[in-house]
Amino acid sequence: MERPPPPPGPDPLEGDGPSALGAGGPWDVLILGGGAAGLWAAGTAAQRGRRVLLLEKNRRVGVKILASGGGACNLTTTLPAREAARWFRRAGERFLGPAFRALSPQELRAAFEALGVATSSEPELEKVWPLSRRAHDVAAALLARARTAGARVWTSSPVTSLLRTASGFAATTPSGAVEAPRVLLAVGGRSYPRSGTTGDGYAWLEALGHTLTSLAPALAPLVVERPWVRELSGIALDVEARAVSADGRLLLARRRPLLFTHTGLSGPAAMDVSRWFDLPTPPEGPPRLLLDLLPGQDETEVRADLDLAITAGAGAPAWRSLPAALPERLRRGLCEERGVDPLRLAGTLTREERHGLVSALKRLELPVAGTRGYDHAEVTAGGVALDEIDPGTMESRLVPGLFVAGELLDLDGPIGGFSFQAAFATAELAGRVL
């Protein structure tokens, strides 16, 4: 993700500077993090009359919003609330139920429309975008919502520690300490650290007694070291990607575009399953990646088409017998992957070799060496154990007055606006009770 340049003139996403620290209190609510969750919670809490202070380490708010979707910001999904929640795995689905009922994808879209951000949808991929395709419009609307409600937003104010006090919490910054009886942590995870999300909140939460599940980059490109795969760089196609455990359990299946790159695989199909390839290896062994290159056909149809192509072109090179819908470089690579010389006459292929080619088309297994890491990840897998957070309020079950929203929670969904939807919805619940 590349950070877009700021617009000319005064930066509308820059809040008050650290020189304002200490002025305007006392505060009812302290929010750490000026991303999607923090800004939304600030607006909701301030609308209820709370005296809200938001601290953001960067010079401007919403830096990660600006980088999302290539600068266009896929802000939610077209799916209904219950169906959207199912994409967060079973624990996440149960946990997100109250949040998605409080602020469904459809209600979120309507809220942005009311804020002056017209939206459009991409029904085939269930995505919702600002009509302008400018992430800046989303971040600006969130900041305006918070400020209009009365929240104070102080940028260039990194928090170096968070401590409990007799009356609540104290956040230490280079310009001094700020106290409030309630605090919301919305500083994001470790993904895309260039945006300022360097995982600071995890240490604070552990110090306050919370448990963290295993952390890993998610929604990141996959590293595949097969030379023939890397030689396909630039080719994109529609596939179904499946992450399968070593003992055969289906972890996730997702039909989405796939992009071959100079390091392996990218695009939504690869990135959606990536979380499984950077988490600690389970006792049964590492997961496997399987690609269905022809998701619109079943295996019987693919086999019949291959046999027909071989019969009609027995004297042609073997690679030409593979579906013409696939690029030539990919067809040649699949032959090599199955030990078949691409230039061999198609009519000489044995029954076993034909079976191998069908298998490559429908169940291509590629060895994954890992992902490209947090620098290229859109979210962090893992986080605060969900059973330690009240799903109806986002308040800690262990530390009264401490709330958590967004990426710090052990929640990660696929590409398609799911992460933003979870951030906004969890922040809405927190904002209602902060």
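The values are calculated or read from the model by the stated rules, or taken from the named source; none is laboratory data. As the structure is a computational prediction, the values presented were derived from the model and not from experiment. Positions of Cβ are generated from backbone atoms using ideal geometry, with glycine treated the same way; all protein chains shown enter the neighbour counts. The protein model used for the area step is the full one, side chains on, heavy atoms only, and it has no ligands, DNA or RNA in it. Shrake-Rupley method; radii C 1.70, N 1.55, O 1.52, S 1.80 Å.
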Task: Candidates Arg190, Arg145, filtered to the one that is of a type outside the set (A, V, I, L, M, F, W, C), within 25 Å of the chain's Cα centre (by Cα) and part of a loop (DSSP other than H, G, I, E, B) - done: Arg190
Task: Positions within the range 148-170 being among the β-branched types (Val, Ile, Thr) and assigned to a strand (DSSP E or B), in sequence order - done: Val153, Thr165
Open item on the list: With the requirement that a residue be open to solvent by less than 10 Å² (accessible area, probe 1.4 Å) and part of a loop (DSSP other than H, G, I, E, B), what does the range 28-43 give you?
Closed with: Gly33, Gly34
TODO: Considering (1) within 19 Å of Glu225 (Cα to Cα); (2) at pLDDT 95 or above, say which one Arg255 fails and leave the rest.
DONE: (1)
- [ ] Please specify each residue of the range 338-382 satisfying the condition of being in contact (Cβ under 8 Å) with a residue 40 or more places away in the chain and hydroxyl-bearing (Ser, Thr, Tyr).
- [x] Thr371, Tyr374, Thr380
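This table checks each residue for (1) over 30 Å from Leu219 (Cα atoms); (2) touching a Cys at 6+ places or on another chain (Cβ under 9 Å); (3) open to solvent by 20 Å² or more (accessible area, probe 1.4 Å); (4) in a helix (DSSP H, G or I).
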residue	(1), (2), (3), (4)
Leu252	no, no, yes, no
Leu291	no, no, no, no
Leu306	yes, no, no, yes
Trp319	yes, yes, no, yes
Open item on the list: Which residue is farthest from Leu330 (Cα to Cα), if the candidates are limited to the range 234-247 and must be open to solvent by 50 Å² or more (accessible area, probe 1.4 Å) and over 21 Å from the mean Cα position of the chain (by Cα)?
Closed with: Asp247
TODO: Identify all residues within the range 254-289 that are open to solvent by 50 Å² or more (accessible area, probe 1.4 Å), touching a helix residue (DSSP H, G or I) at 6+ places or on another chain (Cβ under 9 Å) and not in a strand (DSSP E or B); write none if there are none.
DONE: His262, Pro286
- [ ] Name every residue in the range 105-131 that is of a type in the set (D, E, K, R), out of contact with any strand residue (DSSP E or B) (no Cβ under 7 Å at 6 or more places or on another chain) and either closer than 16 Å to Ile65 by Cβ or modelled with pLDDT of 95 or more (or both), in order of residue number.
- [x] Glu107
- [ ] Consider only pairs whose beta carbons are under 7 Å apart and that are at least six residues apart or on different chains; among these, list those whose first residue lies in the range 284-300 and is hydrophobic (A, V, I, L, M, F, W, C) and whose second residue is in a loop (DSSP other than H, G, I, E, B).
- [x] Leu289/Val273; Leu289/Val368; Leu290/Arg363; Leu293/Leu326; Leu294/Pro323
